[in-house]
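**Student:** I'd like to ask you about the structure that follows.
The values are calculated or read from the model by the stated rules, or taken from the named source; none is laboratory data. Given the structure is predicted, the values throughout are model-derived calculations rather than measurements. No Cβ is skipped: glycine too gets one built from the backbone with ideal geometry, and neighbour counts run over all protein chains shown. The area values use the complete protein model at the heavy-atom level, side chains included, leaving out ligands, DNA and RNA. Shrake-Rupley method; radii C 1.70, N 1.55, O 1.52, S 1.80 Å.
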Amino acid sequence: MQNFFTVALPLLASVTTISATLPSSASAPSYSIIREFEPEKTAILEVAPDKPKEKRLICKGCNENENATLAYFQSVGITDKNALATIMGNIKQESMFVPNICEGGYRTAYHNCGRGFGLIQFTSSDRYYGLGSFARKVGGNPSTLDTQLRYIITEPQWKSIEDRMKVPGKSIDRYMSYAYRWISWGLHGARTHYAYDYANRMITIES
């Protein structure tokens, strides 16, 4: 027994097998010491599945501000082409998508206007000064497209129609009736004509 412990080696993870023969007598048994085998670990590389492509609408032939506006309203949950076209038609009628436009058509900074200003001509004092207050709160510029779009969706006038604009499948005329509560226009002008034109120019892409 003492001779066995003399030749025994600690069990280690290995694929090697060693044989040790006890010294002296020919009758002494031969012992094989088999080291414990540990299967080789295989690294498993997890590959993330491909992200499904998203469909969205763009406006063919539209300028940068028009397409930025279209993308923004889709990002907040408006998906129906006619609903989006109605929003676009109203903004075009009000400002031609020029964010630093003051009532009367001249371009100037927010603080130099003091009346109907911006994308949807924020005319009443609560809407006009509300834009300035919002811009200060978020650190934005009230004369820019981005700040005005972000402000629009916080207004109670927009909130009053938001759920209806998110319901798909309605006609432009129906969405336009909702939009009146949002814009409260005095002159309808060409906004419906613009809306139909935008609807015809919108195409779906995957990205």
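**Student:** GLY130 versus (1) in contact (Cβ under 8 Å) with a residue 24 or more places away in the chain; (2) surrounded by fewer than 18 Cβ atoms within 10 Å (Cβ to Cβ); (3) under 26 Å from ILE58 (Cα atoms); (4) not acidic (Asp, Glu): which is the lone unmet condition?
**Tutor:** (3)
**Student:** I'm checking my understanding of the structure. Among residues of the range 74-106 that are hydrophobic (A, V, I, L, M, F, W, C) and without any contact (Cβ under 8 Å) to a residue 24 or more places away in the chain, which one is most open to solvent (accessible area, probe 1.4 Å)? Even if it seems obvious, please write down each step before you answer.
**Tutor:** Let us first name the residues in the range 74-106 that are hydrophobic (A, V, I, L, M, F, W, C), namely 76, 78, 83-85, 87-88, 91, 96-98, 101-102.
With the extra rule that they be without any contact (Cβ under 8 Å) to a residue 24 or more places away in the chain, the set shrinks to 96, 101-102.
On the way: MET96: 107, ILE101: 26, CYS102: 2 Å².
The residue in question is MET96.
**Student:** Still on this structure: Just checking, how many residues over the range 148-183 are aliphatic (A, V, I, L, M), in a helix (DSSP H, G or I) and within 18 Å of PHE117 (Cβ to Cβ)? Walk me through it before giving the result.
**Tutor:** From the range 148-183, those aliphatic (A, V, I, L, M) are 149, 152-153, 161, 165, 167, 172, 176, 179, 183; that's our starting set.
Next cut, in a helix (DSSP H, G or I) only: 149, 152, 161, 165, 172, 176, 179, 183.
Restricting the remaining residues to those that are within 18 Å of PHE117 (Cβ to Cβ) gives 149, 152, 183.
Matching residues across the range 148-183 total 3.
**Student:** Still on this structure, please answer the following. Being touching a strand residue (DSSP E or B) at 6+ places or on another chain (Cβ under 8 Å), in a helix (DSSP H, G or I) and open to solvent by 30 Å² or more (accessible area, probe 1.4 Å) is the filter here, so list the residues in the range 184-207 that pass it.
**Tutor:** ARG201
**Student:** Go through the residues of the range 89-97 one by one and say whether even a single one is out of contact with any His (no Cβ under 7 Å at 6 or more places or on another chain) and more than 25 Å from GLY132 (Cβ to Cβ). Show your work before the answer.
**Tutor:** Taking the range 89-97 first, the residues out of contact with any His (no Cβ under 7 Å at 6 or more places or on another chain) are 89-97.
Subsequent filtering for residues that are more than 25 Å from GLY132 (Cβ to Cβ) retains 89.
Yes, the conditions are met somewhere in the range 89-97.
**Student:** Could you grab me the full set of residues in the range 140-156 that are more than 18 Å from ASN67 (Cα to Cα) and surrounded by fewer than 16 Cβ atoms within 10 Å (Cβ to Cβ)?
**Tutor:** Those that are more than 18 Å from ASN67 (Cα to Cα) and surrounded by fewer than 16 Cβ atoms within 10 Å (Cβ to Cβ): ASN141, THR154, PRO156.
**Student:** On to the next question. Test TYR110 against the criterion of being buried (at least 20 other Cβ atoms within 10 Å of the Cβ) and touching a Pro at 6+ places or on another chain (Cβ under 7 Å), and give yes or no. First the steps, then the outcome.
**Tutor:** On the way: buried (at least 20 other Cβ atoms within 10 Å of the Cβ): yes; touching a Pro at 6+ places or on another chain (Cβ under 7 Å): yes.
Yes, satisfied.
**Student:** State all residues of the range 136-166 that are within 20 Å of the chain's Cα centre (by Cα) and of a type in the set (Val, Ile, Thr); if no residue qualifies, say none.
**Tutor:** Result: VAL138, THR147, ILE152, ILE153, THR154.
**Student:** I've got another one for you. Please tell me if LYS51 is open to solvent by 40 Å² or more (accessible area, probe 1.4 Å), free of Cβ contacts under 8 Å to residues at least 40 places away in the same chain and part of a helix (DSSP H, G or I). Outline the logic, then answer.
**Tutor:** Details: open to solvent by 40 Å² or more (accessible area, probe 1.4 Å): yes; free of Cβ contacts under 8 Å to residues at least 40 places away in the same chain: yes; part of a helix (DSSP H, G or I): no.
No: the conditions fail for LYS51.
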